1. Explain nothing, just compute: Karplus ³J(HN,Hα) = 6.51 cos²θ - 1.76 cosθ + 1.60, θ = phi - 60°, for every residue of the stretch 16-30 in order, whole Hz, x for Gly and Pro.
2. Jot down the radius of gyration and Dmax of the stretch 173-216, Cα atoms only, both in angstrom.
3. Mean-square fluctuation check for the chain, GNM, Cα pairs under 10 Å: which of Phe223, Phe215, Phe181 is largest?
4. Given an 8 Å cut-off on Cα distances and at least 6 residues of separation, report the relative contact order of the chain as a percent.
5. With a point put 7 Å past each Cα toward its Cβ, work out how far Ile228 is from Met176 in nm, to one decimal.
6. Using the Kirkwood radius over C-alpha pairs as Rh, can you work out the diffusion coefficient of the stretch 27-156 via Stokes-Einstein at 20 °C, viscosity 1.002 mPa s, in µm² per second?
7. Name the shape class, rounded, prolate or oblate, that the alpha-carbon gyration tensor gives for the stretch 7-59, where a ≥ b ≥ c are the square roots of its eigenvalues, rounded holds for a/c under 1.5, and otherwise prolate holds if a/b is larger than b/c and oblate otherwise.
8. Please give the peptides 122-129, 254-261 ranked by average Cβ packing (other Cβ atoms within 10 Å per residue), highest first, as a rough proxy for protection.
Amino acid sequence: MFENIQFLAAPITACIILAGVLSYFGNHILTRGIIFIDIALAQIAALGTMIGLLLGYAEASASVELISLIFTLIIISIFALTKFEKQVVPQEAIIGIIYGLGLGIAMLLAEKIPGGSNYITKTITGNILWVTWDDVLKCAGIFVPIAIIHILLRRPFIKISESKENLPYSINKIRMYELIFYITFGIVVVRSVPVGGIFVIFVLLIAPTAMATLFTQRWAWRFLWSWIIGIFGTVIGIYVSYEIDISNGPAIVCLMGIAVFVIAFIKLVNFKRSSIQGNQGIVE
């Protein structure tokens, strides 16, 4: 039992950290309505890694991570600067094009890299069970400065996320804030994908926040509850996958996805029940 806990300590700690940082960004992404930005960025990060492998660098080397980061920051900077007062082409469409392009090029490169198809599978599903304490410390070392930046700029970031048509600042000021927001988000994605895989990172970004949003609209409470939900979902998923010997990434994704629909159904039933009781009270 002690050996199991010792083995799972680093993966669970990584999940706690990832659940926190992705829950925060998830609140912004869900409010902005650009749901697939994470999976598009994750695909670009994976593409950058494949280019590094094609150039002959080792998969876990600093050179490969740097190439992946450069590719991601270029794409995310272009995305941040496409914010206009009147958006002719929806940003969600731009996200879709980025994802499709990144996946298409990655599939072509996979044919030129030995074991390329296996790498794509590993990038998508991840293998968080094999996270080490070095990986945890690297994540913490990168995420803490980013957290400080977002604490200091939390008010303008929230205002921009909540703005739909009426922009809260001048377009140039918004682009500056957007550049900071998306660059830090891109760094988080690049660091997170090797740890959890594309699908786990995507579901941690969206699913916990979606569940928390069903019950509260306050930013602080929504972040807190989405973090708690993310921790429980990933830890239970890791434990189940470890005990019955199945892939941990798909286990976490399935568990969190099913939980969203179950909680949404319970919320819908309770809403209908309260509506019926309210109507009966009015009739009486």
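No value in this document is a laboratory result; all are computed from the given coordinates. Here the structure is a predicted model, which means the values were calculated and not measured. Cβ atoms come from the backbone with ideal geometry, glycine included; neighbour counts cover every protein chain shown.
1. 4, 5, 5, 4, x, 5, 6, 5, 4, 5, x, 4, 5, 5, 5
2. 13.1, 34
3. Comparing Phe223, Phe215, Phe181 in a Gaussian network model of the chain, the most mobile one is Phe215.
4. Details: 332 pairs, mean separation 84.3, N = 284.
Over the chain, the number comes to 30 percent.
5. So the label points at Ile228 and Met176 sit 3.9 nm apart.
6. Numbers: Rh = 16.5 Å.
In µm²/s, the coefficient is 130.
7. Numbers: a/c = 4.57, a/b = 1.23, b/c = 3.71.
It comes out oblate by the Cα gyration axes.
8. Working: 122-129: 19.6, 254-261: 16.4.
Packing proxy ranking, top to bottom: 122-129, 254-261.
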